[in-house]
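Okay, structure first, notes after.
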Amino acid sequence: MTNNYFAPLIGQQQAIDLLTQAVVKNRVAPAYLFVGPDGVGRSLAAHCFVELMFATHPRRGGVSPPSTSNTRQTNHPDLLWVQPTYLHQGQRLTATEAAEKGLKRKARPAIRLEQIREITEFLSRLPLAAPRNVVVLEQAETMAEAAANALLKTLEEPGQATLILIAPSPESLLPTLVSRCQRIPFYRLDATKMAQVLTQTGHEEILHHSAVLNIAAGSPGEAIASHKQMQAIPPELLQAVTKVPSSYREALELAKQIDQAIDTEAQLWLVDYLQQFYWQKLYQPNMINQLEQARKSLLCYAQPRLVWECTFLSLVRSQESGVRSQHC
């Protein structure tokens, strides 16, 4: 029966077994680190685990899925779900809330010291309807040092609580935080399980986009996000960039179109897409390396139009060199 709570989670049997046994044997740890790639089910597993922990005890309401709020309770009084935020005009906004308001940010959102203080306040009271309070921190790797040190004090004396930190790797967190958590590993899915997840969630059309699947590399969440990003790019632009410019003038014009049509985040996705597309069609490592340099420049906040001009001009020269070498 306990495994029924994890029925929505596909392809993470080791995590399911470890978490289920912790509840069955009444050995739930004070802190867990759900570690693995984005989009493979870590947040869903946290949701299922919380449901299982609360299942056999009186409670007020259920546990709703992760909300878009940045530090707030769900409709269970003993659960707090924390997401990284931006600061905008004195308000904290999650990435979803910022997108809804049309705000563009170059830096990533972060879990802030104020949010850790709210966690401390939440844990200072006894649980109301469950045997323990539970706090889930998504993208825990975004904590600044001050926030991480403040959380460390909470982990040292959690009281009647369990904290779940979600991060891509142990190396992305302070070693002192990692040492206080029981590690639960999550893995990329094979092609069969990828297809199962995408079909069950109504995204089976993604299975026809090999470049998107290659970008996702076994992560259904990444595949869905990548497909949404692809749909947000004008189709005529996406078609244009999949052809290596045939002249310097065409290269400069294409760079201008990209700069005017899409933001930096979409441009970073476009680099991934073109790397996969060019590798599948042309098998030229030098072109992949040139695009990788473009990614690094965009991440360093270089002027996007200039980055794309240099990249496409370089691709044109590579093509011309290839043609000359064939004639020699």
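Here is how the numbers come out for the structure above:
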| item | result |
| --- | --- |
| Which of Y32, Y301 has the fewest Cβ neighbours within 10 Å, and the rest in rising order | Y301, Y32 |
| Separation of the R125 and R183 label points, Cα + 7 Å toward Cβ, nm | 3.7 |
| Fewest-first ranking of L87, L18, L79, L315, using other Cβ atoms within 10 Å as the exposure measure | L87, L18, L315, L79 |
| Helical contribution to [θ] at 222 nm, DSSP H n ≥ 4, -39,500 (n - 2.57), averaged over the chain, rounded to 500 | -16000 deg cm²/dmol |
| Cα-based radius of gyration of region 245-298 once divided by 2.2 N^0.38 Å, which approximates compact folds | 1.14 |
| Two-site label geometry, L237 and R108: point separation in nm, points 7 Å out along Cα→Cβ | 2.4 |
| Distance (nanometres) between label positions extended 7 Å along Cα→Cβ at Q200 and A98 | 3.2 |
| Helix runs (DSSP H) in the chain reaching 24 Å along axis by Cα, Kyte-Doolittle at least -1.0 | 264-282, 304-327 |
| When the convex hull of its Cα atoms is projected in every direction, mean area for the chain (nm²) | 19.1 |
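Bear in mind that the values in this text are calculations on the coordinates, not laboratory data. Keep in mind the model is a prediction, meaning the values are calculated, not measured. Counting neighbours? That spans all protein chains shown, and the Cβs are built from the backbone with ideal geometry, glycine included.
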